[in-house]
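Engineer: Got a structure here, written out as structure tokens. Questions coming.
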Amino acid sequence: MTESTLAIRGARMLVNGELRRRDILVAGGRIAKIDRAVDAEAPTLDASGLVALPGAIDAHVHFREPGATHKEDWASGSRAALAGGVTTVLDMPNTTPPTTSAAALADKRRLASASSLVDWGLFFGLTERNLAEALAAQGIAGIKVYLGSSTGGLLVLSDATLDGLFAAYGGTVVVHAEDERLILQKLAGLGHAPLPLDHGRIRDVPGALEAVRRALEPAARHGGRLHVAHVSSPDEVEAVVRARAEGVRVTCEVTPHHLLLDESFVVAYGARGKVNPPLRPLPARDALWELVRAGAVDLVATDHAPHLLSEKDLAYPQAAAGLPSVELLLPLLLESAAERRLSLSDVVRLSSEAPARAFGIERKGRLEPEHDADIVLVDLLAVRSVNAAAIRSRCGWSPYAGRRLRGWPVYTLVRGHVAFGPSGYDASRRGREVTFRSAR
Ligand code: NCD
Ligand code: ZN
Ligand code: ZN
């Protein structure tokens, strides 16, 4: 049997930072050739007028299965991802049960294999008691450590546990960097029942910075590999940049909401804007943009955290923390490129190349021969407003509803298969678990 082939014809793609017309030949799920014209015999996907980018890699999603499938599962989350130009996701361990044991990891693998339409990898969650089991886990994206509590019960308070992890682990440690003791101190000192705008005072920048410091210290001492999730302030990024200059192997990510929303969203929508770490005042957001443009922030990841509006629009203490956005990852970044906050090359670096490199994902993140044919064909001129009624994530809402965005995925291909296109989804093929080489 011959390998199935597909020729994507007439697209433009980035060649040395410039858009050039190129054809892409796909064979056996990989990119076989990129040239001005390829194999005349192969079945054709006409991509005239579209721009080919490597599929986005969202290194931070919460697909909620097992345990909270009323707000997302692998099927709904991966469909949302495809619409956002995302072809690979790395899923966090704060599911129910949490991914903190070999059995829970095996179970989540079964669930993702059965239903995900995009390729995927899984994080293992660290607790105060499961270090040996975490170290024994094979094939994972990395080990996630919550230094402050967030959705789900995962939490590591002890520096000794963190030290033990860095002493023994060769893979990537991802931290949720907010210091639990400082959070509790601030909450106790508030002097009144907390309201939505107090979220940013309880979980302030010094608390985030202290947690970054607590993670950097053992990473530096043991030569470990650290990734700081969802930075919310320039201070955290500057700490990462300083450590990197001193030789620490550390990267960091920023979310779309910390770049595109700020505290005024909480003023307008109350607890709906509750997210960990919190949305900050406007100056922090502007400073983050500067650091993103300067290359100090390694990558963009959504921290897609779907909750129903009925779980969000509650009194502050009861409201769920987290904001969804996986299905808007590329539209939000492409709009930022249209506004000239970023170049198209920056978009590709932040959403594809850097996550593949940071986590050592094999054969992903680039449009190059031998790489997986994870390709998103985008229409840079398409202008649409985010329609709350058409949100694919099961949570059914978006903090970006009503925003006019320029640049939308038209086709999303996973290993050469058109999984999302103008006629909708083709769910006949499942995503696969990705493989990791030792991370850098
Ligand atoms: C996330 C969630 O809901 O799973 N919530 C959030 O506020 N970011 C958990 C997390 O990433 O901390
Ligand atoms: Zn987090
Ligand atoms: Zn998260």
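The values are calculated or read from the model by the stated rules, or taken from the named source; none is laboratory data. Predicted model only: the values in this text are computed from it and were never measured. Because the Cβ atoms are built from the backbone with ideal geometry, glycine has one as well, and the counts that use them run over all protein chains shown. Protein only, heavy atoms only, side chains kept; ligands, DNA and RNA dropped before computing areas. Shrake-Rupley method; radii C 1.70, N 1.55, O 1.52, S 1.80 Å.
Engineer: Is it fair to say Leu291 is touching a Cys at 6+ places or on another chain (Cβ under 9 Å) and either acidic (Asp, Glu) or more than 14 Å from ligand 2 (Cβ to nearest atom) (or both)?
Structural biologist: It is false that Leu291 is touching a Cys at 6+ places or on another chain (Cβ under 9 Å) and either acidic (Asp, Glu) or more than 14 Å from ligand 2 (Cβ to nearest atom) (or both).
Engineer: In addition: Considering only residues of segment 111-129 that are part of a helix (DSSP H, G or I) and open to solvent by 10 Å² or more (accessible area, probe 1.4 Å), which is nearest to Glu327 (Cα to Cα)?
Structural biologist: It comes out as Ser115.
Engineer: On the basis of being within 14 Å of ligand 1 (Cβ to nearest atom) and within 15 Å of Arg403 (Cβ to Cβ), does Pro331 make the cut?
Structural biologist: In short, no.
Engineer: Name the residues in segment 408-440 that are farther than 12 Å from Thr87 by Cβ and in a strand (DSSP E or B), would you?
Structural biologist: Trp408, Val410, Gly421, Gly424, Tyr425, Glu433, Phe436
Engineer: Against the conditions (1) out of contact with any Ser or Thr (no Cβ under 9 Å at 6 or more places or on another chain); (2) surrounded by fewer than 17 Cβ atoms within 10 Å (Cβ to Cβ), where does Gly170 fall short? Just the number, please.
Structural biologist: Of everything listed in (1) out of contact with any Ser or Thr (no Cβ under 9 Å at 6 or more places or on another chain); (2) surrounded by fewer than 17 Cβ atoms within 10 Å (Cβ to Cβ), Gly170 misses just condition (1).
Engineer: Name every residue in segment 149-159 that is among the polar types (S, T, N, Q) and surrounded by 15 or more Cβ atoms within 10 Å (Cβ to Cβ), in order of residue number.
Structural biologist: Selection gives Ser149, Ser150, Thr151.
Engineer: For segment 1-99, give me every one of the strands (runs of 3 or more DSSP E) that falls completely inside it and has 3 or more residues that are open to solvent by 20 Å² or more (accessible area, probe 1.4 Å) and away from ligand 1 (no atom under 16 Å from the Cβ).
Structural biologist: 5-15, 18-27, 30-35
Engineer: Related question: Could you please find all residues in segment 307-345 being among the small types (Gly, Ala, Ser), farther than 17 Å from Arg272 by Cβ and open to solvent by less than 10 Å² (accessible area, probe 1.4 Å)?
Structural biologist: Correct list: Ser336 only.
Engineer: Sort out which residues of segment 302-319 are assigned to a loop (DSSP other than H, G, I, E, B), aliphatic (A, V, I, L, M) and either over 20 Å from Ser76 (Cα atoms) or away from ligand 2 (no atom under 16 Å from the Cβ) (or both), and write them in order of number.
Structural biologist: Within segment 302-319, Leu308, Leu314, Ala315, Ala319 meet the criteria.
Engineer: Same structure again: Given (1) open to solvent by less than 30 Å² (accessible area, probe 1.4 Å); (2) in contact with an Asp or Glu (Cβ under 8 Å, 6 or more places away or on another chain), where does Leu162 come up short, assuming only one miss?
Structural biologist: Status for Leu162: all satisfied but (2).
Engineer: Residues of segment 383-407 being hydrophobic (A, V, I, L, M, F, W, C), open to solvent by 20 Å² or more (accessible area, probe 1.4 Å) and in contact (Cβ under 8 Å) with a residue 24 or more places away in the chain, which ones?
Structural biologist: Ile391
Engineer: Provide a single number: the residues in segment 253-306 that are without any contact (Cβ under 8 Å) to a residue 40 or more places away in the chain and either within 16 Å of ligand 3 (Cβ to nearest atom) or open to solvent by less than 30 Å² (accessible area, probe 1.4 Å) (or both).
Structural biologist: So the answer is 2.
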